[in-house]
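Engineer: Following this message is one structure expressed as structure tokens.
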Amino acid sequence: MAMPLPASDEASPVERPDFEVATAQETFELFSAQAPRGWRVELIEGEIYVVPPADGEHEEIVSELSGQVRDHDRGLGRYTGIGLSLPGTSDPVRVIPDLAIAPKGSFGDAQDWHAPDAVLLVAEVTSASTASRDRGLKIRAYARAGIPVHLLIDREADEAVVCSEPHGDDYTHKSLHKLGAEVPLPAPLGFTLDTAAF
């Protein structure tokens, strides 16, 4: 029968926040540290969201987007799983977009969370568990951060939404396209995305 090892006199208990008084930020950091590989933990407007790994169709779309950006400009980095720290209405927002486009080398440090200054485009591909956040909370967060272009691939609505010209909590220009169509991406990308492969 296995017996627990006796505790060393030098052992100190793990410091854990008191959940009755822990802030959303402290709880978020604890959840982030404990999340299984492949899961994403995000903090948006004081709410913590734990997102399971995406399905294969989702990842195929992200891969196709990434490939088309690479074919357009090899000087751009295509980042999946990069953490962005964005301004919030009260506390910082911590998000992990499905795809972030920025000049290569923009995230060459060892930090977990990065300022959005270098990001030219963020893309989100909806899933059943994330669609409402992708269509609302995240668009507001990306606009507030001044990210020039937000691309939403809405699988449930079968459309691509291109948001540009951020101002305040929203984008002043939005264009809707049925998936399968050619979708023009505005500056600073300035090329046409072929969504037929989606």
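Rule-based calculations on the coordinates, nothing more; no lab input. This structure is a prediction, so every number in the text was calculated from the model and none was measured. When we count neighbours, we look across all protein chains shown, and the Cβ atoms used for this are built from the backbone with ideal geometry, even at glycine.
Engineer: At a threshold of 8 angstrom on Cα-Cα distance, excluding pairs fewer than six apart, so keeping six or more, what relative contact order does the chain reach in percent? Each step should come with its number before you reach the end.
Structural biologist: Numbers: 341 pairs, mean separation 26.1, N = 198.
RCO, the chain: 13 percent.
Engineer: I'd like to compare 143-152, 180-189, 93-102: which one has the highest average count of other Cβ atoms within 10 Å, and what's the full order after that?
Structural biologist: Sorting 143-152, 180-189, 93-102 by mean packing, highest first, produces 93-102, 143-152, 180-189.
Engineer: Between rounded, prolate and oblate, where does the chain land on the alpha carbon gyration tensor, with a ≥ b ≥ c its root eigenvalues, rounded for a/c under 1.5, else prolate if a/b exceeds b/c?
Structural biologist: Prolate, because a/c is 1.5 or more and a/b exceeds b/c.
Engineer: While we're on this one: How would segment 20-94 be classified by its alpha-carbon gyration tensor: rounded, prolate or oblate, with rounded meaning a/c under 1.5 and the a/b versus b/c comparison settling the rest?
Structural biologist: Verdict is prolate for segment 20-94.
Engineer: How large is the charge dipole for the chain, taken about the Cα centre, if only the Cβ atoms of Lys, Arg (+1) and Asp, Glu (-1) carry charge, to the nearest 20 debye?
Structural biologist: Around 480 debye, computed over the chain.
Engineer: Can you list residues whose amide H is under 5 Å from Leu99's amide H, if they're 5+ apart or on another chain and H is modeled 1.01 Å from N?
Structural biologist: Ala123
Engineer: Using alpha carbons only, how many angstrom separate the centre of segment 21-75 from the centre of segment 160-191?
Structural biologist: Between the Cα centre of segment 21-75 and that of segment 160-191, the gap is 22 Å.
Engineer: Please tell me the relative contact order of segment 125-171 in percent, rounded to the nearest whole number, where contacts are Cα pairs under 8 Å and at least six residues apart. Before the final figure, lay out the partial values.
Structural biologist: Working: 63 pairs, mean separation 18.7, N = 47.
It rounds to 40 percent for segment 125-171.
Engineer: Starting from the Cα gyration tensor of segment 58-174, take the square roots of the eigenvalues, sort them a ≥ b ≥ c, and report rounded, prolate or oblate (rounded when a/c is under 1.5, otherwise prolate if a/b is larger than b/c, else oblate).
Structural biologist: rounded
Engineer: Amide H to amide H, which residues 5 or more places from Ala157 or on other chains are under 5 Å from it, using H placed in the peptide plane?
Structural biologist: Amide H neighbours of Ala157, under 5 Å, 5+ apart: none.
Engineer: Let me ask something else about it. Going by average Cβ density within 10 Å per residue, which order do the peptides 126-136, 60-70 take, highest to lowest?
Structural biologist: So the order, starting with the most tightly packed, is 60-70, 126-136.
Engineer: While we're on this one: Charges on Cβ only, +1 for Lys and Arg, -1 for Asp and Glu, centred on the Cα centroid of the chain; of Pro186, Pro103, Pro92, which one is farthest towards the dipole's positive end?
Structural biologist: So the residue we want is Pro186.
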